[in-house]
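Engineer: Here's a structure for you.
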Amino acid sequence: MGFNLYYRALQGTPHKWLDIAAAQCSRYAPSHCEIEAICYYTARVSGRLDIEAPKRQHAYLRAIATLPKVKIHYGNFLINQKWAGLVQPPLFRPSFDLSKSQNPEVAYVWKTEENGFAVNLSGHLVRDACLKKFDLTAVLTNDTDLVEPIRIVTQELSLPVTLLIPNRKGEPSKSLVDVVTSVRHVKPCVATCQLPESILV
């Protein structure tokens, strides 16, 4: 899914202009397979915290929409202000000095929530498996909400599912690993799988 890929593999790097067809599909599909579809699950980001973020995202989505067989599916990206308890003792960025204040127990924070991505992906995955639209599929996620739909595809419909992991840091969810057919890491090819500097849209 789009945000999973961005935050775990692209954020903080100069490689955000990623060619998802090359990075997630062509490099990891068996040589005898033909790619039928590339589904990208994301949402329009808010400009509340970064006024330029929607513009940058729009440019990228327009670019990857030109790639053959790419279809973008939209969920919702929600941002709200909520009260939240703080880990004790609180941790702050090094530039913040709380030495002269009493540690607060709660704070009013910005809460971002991704809504609809897992539902859309799981529904499409099971539907396409039942309709025999693929012989093999790969899913980039670490969302355990997808454990059951993936289990249905691999164990009840007997179709292989590869779990794609955006980076090498940390381990994928064990519950996901237990139901997929194989696991692959995509981070090593991020730097070499970039879109051209100019794209006609």
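Engineer: Output the residue which, of all residues in the range 21-45 that are among the small types (G, A, S), assigned to a loop (DSSP other than H, G, I, E, B) and at pLDDT 80 or above, is farthest from L195 (Cα to Cα).
Structural biologist: So, considering only residues that are among the small types (G, A, S), assigned to a loop (DSSP other than H, G, I, E, B) and at pLDDT 80 or above, the one farthest from L195 (Cα to Cα) is A43.
Engineer: Looking at A129 and the list (1) hydrophobic (A, V, I, L, M, F, W, C); (2) modelled with pLDDT of 90 or more; (3) under 28 Å from V190 (Cα atoms), which single condition is not satisfied?
Structural biologist: The one condition A129 does not meet is (3).
Engineer: So, of the residues in the range 46-59 that are of a type in the set (D, E, K, R) and under 17 Å from L78 (Cβ atoms), which turns out to be modelled with the lowest pLDDT?
Structural biologist: It comes out as R48.
Engineer: Quick check on the range 61-76. Is at least one of its residues more than 18 Å from V201 (Cβ to Cβ) and at pLDDT below 85?
Structural biologist: Yes; the residues of the range 61-76 include at least one that is more than 18 Å from V201 (Cβ to Cβ) and at pLDDT below 85.
Engineer: If you don't mind, another one. Is it the case, given these coordinates, that S158 is exposed (fewer than 14 other Cβ atoms within 10 Å of the Cβ) and modelled with pLDDT under 95?
Structural biologist: no
Engineer: Let me ask something else. Tell me, please, whether a residue that is in the same structural domain as P14 (by TED's automatic domain parsing), surrounded by fewer than 15 Cβ atoms within 10 Å (Cβ to Cβ) and part of a strand (DSSP E or B) can be found in the range 129-152.
Structural biologist: Within the range 129-152 (the criterion being in the same structural domain as P14 (by TED's automatic domain parsing), surrounded by fewer than 15 Cβ atoms within 10 Å (Cβ to Cβ) and part of a strand (DSSP E or B)), the answer is no, since none of the residues qualifies.
Engineer: Still on this structure: Quick one: is L159 assigned to a loop (DSSP other than H, G, I, E, B) and either among the hydrophobic types (A, V, I, L, M, F, W, C) or touching a Cys at 6+ places or on another chain (Cβ under 9 Å) (or both)?
Structural biologist: Here the answer is yes, as L159 does meet what is asked.
Engineer: Any idea which of (1) loosely packed, with under 14 Cβ neighbours inside 10 Å; (2) in contact with a helix residue (DSSP H, G or I) (Cβ under 7 Å, 6 or more places away or on another chain); (3) in a helix (DSSP H, G or I) is the one L125 doesn't satisfy?
Structural biologist: Among (1) loosely packed, with under 14 Cβ neighbours inside 10 Å; (2) in contact with a helix residue (DSSP H, G or I) (Cβ under 7 Å, 6 or more places away or on another chain); (3) in a helix (DSSP H, G or I), L125 violates only (1).
Engineer: Another one. Quick one: which residue in L18, L5 is touching a strand residue (DSSP E or B) at 6+ places or on another chain (Cβ under 9 Å) and modelled with pLDDT of 80 or more?
Structural biologist: Answer to the selection: L18.
The values are calculated or read from the model by the stated rules, or taken from the named source; none is laboratory data. All of these numbers come straight from a predicted model, not from anything done at the bench. Glycine also receives a Cβ, built like all others from the backbone with ideal geometry; neighbour counts cover every protein chain displayed.
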